Amino acid sequence: MTNPSDTSFSEAPYFILPLRNRALFPGAVVTLPIGRPQSVALVRTLRPGNVVAALLQRDPEQEQPTLSDLHHIGVLGVVRSVESAGSDSFRITIEGEVRVEVRMLVQTQPYWRASGERVEDVDDDGEEAFLLAEALAEQLVDMGRRNNSSVDAVLALRHRPGPFADQVAAFLGLAGTEAAELIAAVNVPERLRLVLAHLVQARERAELKQRIEQEVRQTVNRSQREALLREQLRIIKRDLGEDSQSESGRLREKLEEVPLTEEARKLAERELRRLDDMIPMQPEYHVIRTFLELMSELPWGARAETSIDLDAISAKLDADHYGLQEVKRRILEHMAVMQRARNPRGTILCLSGPPGVGKTSLGQSIADATGRPMVRMALGGMKDEAEIRGHRRTYIGAMPGRVIQGLRKAQVKNPLMVLDEVDKLGQSWNGNPENALLEVLDPEQNGTFTDHYLEVAFDLSEVFFLCTANNIDQVSAPLRDRLEIIEISGYTQEEKEHIARKHIIPKLLDEFGFGPEDWHITDQALHKLIHEHTREAGVRQLKRELTRICRRLTLRAAKAQTESEAYVVDLPQLDEILGRPKFHAESAERTAVPGVAVGVAWTAAGGDILFVESSKMPGSGRLELTGQLGSVMQESAKAALAYLRAHSQELGLTTDFFDKTDVHIHFPSGAVPKDGPSAGVTILTALTSLFTGRCVRSDTAMTGECTLRGRVLPVGGIKAKVLAAHRAGIKRFILPKRNREELEEVPEDVRADLDFVLVEEMSEVLSAALEAAGEELSYSLKKTSAPVSVPL
């Protein structure tokens, strides 16, 4: 017996699927319920891509038909999907391809197979066929307009009379004997006449239904009658040429004042004509009116008066933001290029850095200094591509994309548009909005950006796009390639104190109704607030703590019956309001025992210190890793242990020491995922400290990737890591020698507080990191050089 999965489209005999009443036409797709045992036996073996011949029964009520009970001309179709609908029932989706004439059965069990051959259309290219197709198309268009239904997909085949007739038959939903008669009509002109007759009947039924509905509407209430009278009045005014007061007339006047593109003008005129032919009670009337209102409100030619005064921009950036000198220089360079370039199109700026460092407010400063209105688009959590490109107007509740909505709000075509949190875009079955941004942020493409709702190109080349992100690595490579990335690592202690004095506190005083003389925080209290109550790259938590102080003082002022003297927040008052400190300099306490080292990690919220704790116990040489580590960090731990096993003699350990000892390495803050190669140096140092009994210096942090041969390789995020170590009170920082150039990006006051040790080999790391012992470790490996201490 042959399996249906082995049947190709061109092979015969064909597998037969009897149909009771629902017909399959060539070019149409139908989903059929399958329940009869013989049909179920066939469908159980079918797979997508198999071919079956669908034949209509002469009597739909017959439960067990024979071949003589079927129409011999049917349709050969391709199975698209098979779904179970219960224990003994299925739903099968078939796409019709060509007609087939079945001659005789060659198999009856467990399902039918029959011999036959394909049937080709006759007189498909004659003049008569084309004339009948045109007549059929006219009737179909008129019927679609009357019923407010779309027939564009069917009309696309009007130049192929045979397939066009089949598609119209499927559109009309013909079934039973009518469908069988059309399927058997291989002569195309004859088939077109039959379809035309059915279409005329359907149109007459629709007109009859419409007349009945009109008679029913005559019994409507007073409010509906008033609406009908108003519509009649609108038609009368239009016939008298007084349509300037109508809805379409007002929209036409507004559109004439807007400098639309030629393409947009043609589309607007077409929709205005459609609006004239409709009554307000039709649902599509409001869709078209909303679309035309959007067209009239978009800034097709309106521009804000902008100026690029580099001195003014620099002064504005300095007034609004303290520090960030490298970031400001990069912004000024970008603005200088825009000022001098003949074609202002260029790269798109992207400010990347931890939260609270002023990325969005930098955009507001640029907008204020250049005279552009700012539009902010929050991208965090956006999963639907239509949020960027808009929805097609065929959908209920369709809206334009966020880009077009932003331009409508700005009322100019050259605003500054901030795309906030571009790294937090999501994706779902609705598409990937990140891919839609590729066109928006490409200067070579966004001049002809097409929103699905708008359907015509809109020029975005004059928009100043500014993106922000916390972790630029989460942005796809194609989108990252379109951005000029400016890194913002965070603020130092001195910069935070200045920002608090000059920016945060004056704003809070004004917000809470205080004057500059009402309260004051001392330098010692502010220093302790920043150092012990916040540990962040930005100043958002700092502002939050200062707000707590303002709320407490507001309550105190509200309870006081008379004016009191100025309130001074000193160390005792700070502890009373904020409670005990949240952060402590705990490196000395935690590194007081062997086996603990201080590393530094880069996170999306800025750099942070990272403790590595290790412990040994009698066992069988097993390595245990905890702390929610990624695969790269686990491999770094294994490489570090392998390096120490290979150099056990230099450590003064017996050859079987590792075989009798279990090692446990733990990274605290176990709920936080950790990964990356830069902890390799820290892990090896912690293990060496554990095995030798020598503590790691409490004032030292380190970063770098370690190889099996003991080489120290460079890592990324040096500036953020150095700032994190400085915030934690670290005084010595060990890092790869090949990262020396990146230290130039670190602020001078931070470099002055730290002693940098540049290394190339792990022997140099251990010499610099471990506390002195009675006897120094000796290494048989050749040292390339001594550790370089760089007092930058």
Seminar exercise, completed: Taking Lys and Arg as +1 and Asp and Glu as -1, residues besides Met382 with C-beta under 11 Å from its C-beta add up to -3
Seminar exercise, completed: Nearest 10, in degrees from 0 to 90: the angle of helix 222-239 to the longest Cα principal axis of the chain is 80 degrees
Exercise. What relative contact order, as a whole-number percentage, does the chain give when Cα pairs under 8 Å and 6 or more residues apart are counted?
Worked result: 7 percent
Exercise. Using +1 on the beta carbon of Lys and Arg, -1 on that of Asp and Glu, and nothing else charged, what's the dipole of the chain about the Cα centre, debye to 20?
Worked result: 1240 debye
Problem set entry | Fully extended contour minus Cα-Cα distance, from Asp309 to Asp662, at 0.36 nm per residue | 120.4 nm
For this session: Please report, in debye to the nearest 20, how large the charge dipole of region 55-180 is about its Cα centre when each Lys and Arg carries +1 at its beta carbon and each Asp and Glu carries -1 there.
Result: 440 debye
Problem set entry | Surface per residue (accessible, 1.4 Å probe) for the chain, Å² | 49 Å²
Exercise. Say the cut-off is 31 Å between C-alpha atoms; which of Lys559/Lys582; Lys383/Lys719; Lys424/Lys638; Lys582/Lys638; Lys328/Lys424 go over it?
Worked result: Lys383/Lys719; Lys424/Lys638; Lys582/Lys638
Seminar exercise, completed: Sorting Leu766, Ala560, Ile499 by the position of each Cα along the dipole of the chain (Lys, Arg +1; Asp, Glu -1; all at Cβ), the one nearest the positive end of that ordering is Ala560
For this session: Find the cysteines in the chain that fail to meet the 4.7 Å Cβ criterion with every other cysteine, and list them.
Result: Cys550, Cys695, Cys706
Exercise. Where does helix 718-727 land angle-wise versus the long Cα axis of the chain, in degrees 0 to 90, nearest 10?
Worked result: 50 degrees
Exercise. Dipole of region 101-202 (Lys/Arg Cβ +1, Asp/Glu Cβ -1, origin at the Cα centre): which of Val195, Pro161, Gly176 lies farthest to the positive side?
Worked result: Gly176
Exercise. Mind checking which lysines have their C-alpha under 29 Å from Lys254, skipping anything on the same chain fewer than 8 residues away?
Worked result: Lys237, Lys266, Lys409, Lys413
For this session: Work out the length of the dipole vector of region 464-588 about its Cα centre, built from +1 on the beta-carbon of each Lys and Arg and -1 on the beta-carbon of each Asp and Glu, and round it to the nearest 20 debye.
Result: 460 debye
Exercise. Taking the Cα centre of each part, how many Å lie between region 403-466 and region 676-700?
Worked result: 49 Å
Exercise. Of Ala28, Gln214, Val596, which is farthest along the charge dipole of the chain in the positive direction, counting Lys and Arg as +1 and Asp and Glu as -1 at C-beta?
Worked result: Val596
Seminar exercise, completed: FRET efficiency (Glu95, Arg270; Cβ distance; R0 30 Å; to 0.05) is 0.35
Exercise. What does the helix-only formula give at 222 nm for the chain: each DSSP H stretch with n ≥ 4 adding -39500 (n - 2.57), the total divided by the residues, and the result rounded to the nearest 500 deg cm²/dmol?
Worked result: -12000 deg cm²/dmol
Exercise. Among residues other than Leu574 whose Cβ falls under 13 Å from its Cβ, what is the net charge (Lys/Arg +1, Asp/Glu -1)?
Worked result: -1
Seminar exercise, completed: Taking the alpha-carbon centre of each part, the distance from region 280-339 to region 147-197 in Å is 53 Å
Problem set entry | the chain: angle of helix 680-692 to the longest principal axis, Cα-based, in degrees nearest 10 | 40 degrees
For this session: Mind jotting down the distance between the C-alpha centroids of region 71-128 and region 257-278, whole Å?
Result: 47 Å
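The values are calculated or read from the model by the stated rules, or taken from the named source; none is laboratory data. Remember, predicted model here, so these are calculated numbers, not experimental data. Glycine also receives a Cβ, built like all others from the backbone with ideal geometry; neighbour counts cover every protein chain displayed. In case anyone asks, the SASA skips ligands and DNA or RNA and just uses the protein heavy atoms, side chains included. Shrake-Rupley method; radii C 1.70, N 1.55, O 1.52, S 1.80 Å.
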